[in-house]
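Here's the structure we're looking at; comments come further down.
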Amino acid sequence: MKANHVNGSYSLMRLKISGDGEQTISVSQVDERCFNRHSEYDYSNCRMIIYKIEEDAEALQDIKLSYVQGVSGWDRETHAMFENLEKGDYYVYVEIDWNANTEDTEFCVTCYGATRTFFLRDEKSLFDKNALLRKGYQSKCQKQDEAVKCVNYDSKGAPAIKKFSGFTEEGYGFIHFENNEKSATLKEKVVYKNFKGLTLCSPQQGEQYDISVGPGEQKTILMQCHPEGYSMSSSTSSQISFSGKQLK
């Protein structure tokens, strides 16, 4: 399936897989051999994430997504390979950081393997990009992925508040909060002293975040990582309030 998008946007292909089995999903950029030898054309960094649609719905908040795998690469083709991908409907998220001198931003997404597969359409117009990414990383946290760090606030008297964090191969970082306390609210402020190669995604901005997570709420901080590398250090202050009382 062919698609294109500008920098800062993305594509979201709906993929149907007819049966369980081995599959390879690929993104192919225009071959450099299609250009004059003196051309400055070069391949751009590509991010690809595969989500399984467990339960479909019209609104994003009602869709149940399962994060499957994320990859990235600077080559002509970026691959995600699966020994056994289950039958069902999937979203293939593609985001390419086009080089400044790239004029042809068309690319092709393919899926081939043991069973019949086909792409339906690009559904990026249905969802906000950052909201979709946040929902995907929430599912990654719920799966208790070994690459995700999890801490709670037991020392502050709120063991049912959890904070998940991680950086992914596709080039995003996330901090996800789940508050399962009945009467506790978490307030946390983080100031990054070093934030090289990282960008906080909307609605956060700059080099700090200030967040409040009430009972029953889930919230996610999202950041994009520069493909050539990143570094960070920070200071954190957290408070838990219980029915007017405050623990520090």
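Before moving on, here are some points about what is shown:
- Single match in S139, S165 (criterion: among the small types (G, A, S), within 15 Å of the chain's Cα centre (by Cα), within 26 Å of S9 (Cβ to Cβ) and not assigned by TED's automatic domain parsing to the domain that holds Y90): S139
- Residues considered: E188, E228. Of these, the only one that is within 22 Å of the chain's Cα centre (by Cα) and either in contact (Cβ under 8 Å) with a residue 24 or more places away in the chain or farther than 20 Å from C141 by Cα (or both) is E228.
- E40 vs. criteria over 18 Å from the mean Cα position of the chain (by Cα) and either aliphatic (A, V, I, L, M) or closer than 26 Å to N101 by Cβ (or both): yes
- Restricting the search to strands (runs of 3 or more DSSP E) fully inside the range 192-248 and requiring at least 2 residues that are buried (at least 16 other Cβ atoms within 10 Å of the Cβ) and assigned by TED's automatic domain parsing to the domain that holds G166 gives 198-200, 208-213, 218-225, 231-242.
- Selected residue (only one of Y67, Y10, Y41 is among the hydroxyl-bearing types (S, T, Y) and closer than 18 Å to F119 by Cα): Y10
- The listed residues are Y43, Y90, and the only one of them that is assigned to a strand (DSSP E or B), crowded, with 17+ Cβ neighbours inside 10 Å and of a type in the set (S, T, Y) turns out to be Y90.
- Of everything in the range 127-171 that is free of Cβ contacts under 8 Å to residues at least 12 places away in the same chain and assigned to a loop (DSSP other than H, G, I, E, B), the residue that is surrounded by the most Cβ atoms within 10 Å (Cβ to Cβ) is Q144.
The values are calculated or read from the model by the stated rules, or taken from the named source; none is laboratory data. Just so you know, these numbers come straight off a predicted model, no measurement behind them. All Cβ positions, glycine included, derive from the backbone under ideal geometry; neighbour counts span all protein chains shown.
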